[in-house]
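Undergrad: One structure, as structure tokens, below. Some questions next.
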Amino acid sequence: MRSGALVRLYRPKAVIAWAGYFTVFLDGAERGELWGDQVRVFEIAPGRHEVRVKQGWGLFQGSPTLPFEAGPGQAVEFACSRLSSVLGWADLHRATATESAKVRRYVDQAPAPRNLALPKDP
């Protein structure tokens with residue numbers, strides 16, 4: 001059994017192509033992108049954390065910051081609303097039972113995220 005915890009984020013399919021991606025922030029740090037029809041999984045240390053998403057191209061402010069507690073080996077699941085994915089604004093909430101079932105069926109199928117760790121070549 002792993003000693004870390006997981007946070008899973010689910011976003012329904014974006015009906016409008018311009019909806020783009022949401023940037024995921026865990027504990028205030030940018031951790032990756034969340035595209036339509038995708039689940040992203042991040043390993044975290046057990047304890048108190050916070051998560052939020054922001055529209056990738058920055059027109060809207062993004063979701064409120066959601067605090068959560070994760071125990072060792074626990075997976076905490078969040079989801080974006082269907083309407084927010086259609087219209088392109090960032091919204092995030094604790095996953096419902098129906099959304100949690102979808103999270104377990106999905107795999108990460110999005111384009112490779114931008115490389116946030118390495119500086120660009122000169």
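Read-outs throughout are calculated quantities, based only on the coordinates presented, and are distinct from any laboratory measurement. In this text the structure is predicted, and so the values were computed from the model without any measurement. For neighbour counting, all protein chains shown are included, and Cβ atoms are generated from backbone atoms with ideal geometry for every residue, glycine included.
Undergrad: Between Y106 and E50, what is 0.36 nm times their sequence separation minus the Cα-Cα distance? Round to one decimal in nm.
TA: Result for the pair: 17.8 nm of gain on full extension.
Undergrad: Could I ask something else about it? Take T96 and E69, extend 7 Å from each Cα along the Cα→Cβ direction, and tell me the distance between the two endpoints in nm.
TA: 2.6 nm
Undergrad: While we're here: Using a Förster radius of 22 Å, what is the FRET efficiency between D37 and L6 based on their Cβ-Cβ separation? Nearest 0.05, please.
TA: Details: r = 20 Å, r/R0 = 0.91.
Once the sixth-power term is evaluated, E becomes 0.65.
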